[in-house]
Amino acid sequence: MRGYEFTERGKFIIVFLSIALLIIPAAVITFRAWDSSQSPLSNDPDNQIVQPMPNDPPPDVNGNEPTDPPGDGNGEQGSFNPPDEPDMPDEPDEPIDPDRPPEVGFIDINLTAGTMQFMFAPELQNALDTDTVSMLGEFLSSPRNTSDSKILIEVPALPANQTANLTSAITDAFSQYGVQQRDLTFEAYQSDSDYSSFVIVLTFIQTSGPK
C-alpha cells in the first residue's frame, strides 16, 4: 500500500470528529437520564405542587387544611355575620284605671263658667300646693265673681280630722287674696274612692243679698 501523510488540516478534522463522537453520546445519555428522573414526578398527581388560591388562608402550623369560612347561605363563601339579636318586647304600660283620680297638682279652670277643680290629699297635705294657690288668683278674676256671689267649695265626706285639715288649708289659701271665710260655703259629697287624693270643686254662686 501507499503511505499517506496527514496534513495539519487533516489532523484537526480527525481530532474534532473524535471529540464530537465522545460529546454527542454523552449528551444524549445525560438528557435521557435527566428526562427519566423528572417525567414521573411531573405526571404523578400526588407529587404535583398545588398553588394556593389568592384568597385561601395558609394552613395551620400542624399542616392541616383550613376550614372554609361560613357562607352567605347561597353556597358562596363570605364574611361571617352573627344573627341579629331578637327585639325584646316593650314593657307593657301600667293599665289606666278610669276611676282613679288625677294626681295631686292637677288643676282645671273655666273662667267663663266660674269653676275650678284641683286635687287634694288630706293624709299627705296640710296646705294647698304652690301651683293651686297661684291658680286661685286667676279663678277670682272670673266674670262670675260679682259683688253678690259666694264661692261654693265641694269636698269629699271625710273623717272629722281630715275634713278640718282640708277646710283649714282652703281657707288659708283664699285669705292670701283677701277672701274671708264668710264668703266660702263648704258642701260635702259622698265618695267611695279608695284613693288618698280627692277632687275639690270651686264654683261661684249668686246670692240674693250683697256680698
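The values are calculated or read from the model by the stated rules, or taken from the named source; none is laboratory data. Predicted model, so just to flag it, every value in this text is computed and none were measured. All Cβ positions, even for glycine, are placed from backbone atoms using ideal geometry, and neighbour counts span all protein chains on display.
Before we move on, is Lys211 basic (Lys, Arg) and either in a helix (DSSP H, G or I) or modelled with pLDDT of 95 or more (or both)?
Numbers: basic (Lys, Arg): yes; either in a helix (DSSP H, G or I) or modelled with pLDDT of 95 or more (or both): no.
The answer is no for Lys211.
Looking at this structure, is Phe174 in contact with a strand residue (DSSP E or B) (Cβ under 6 Å, 6 or more places away or on another chain) and surrounded by 14 or more Cβ atoms within 10 Å (Cβ to Cβ)? In short, no.
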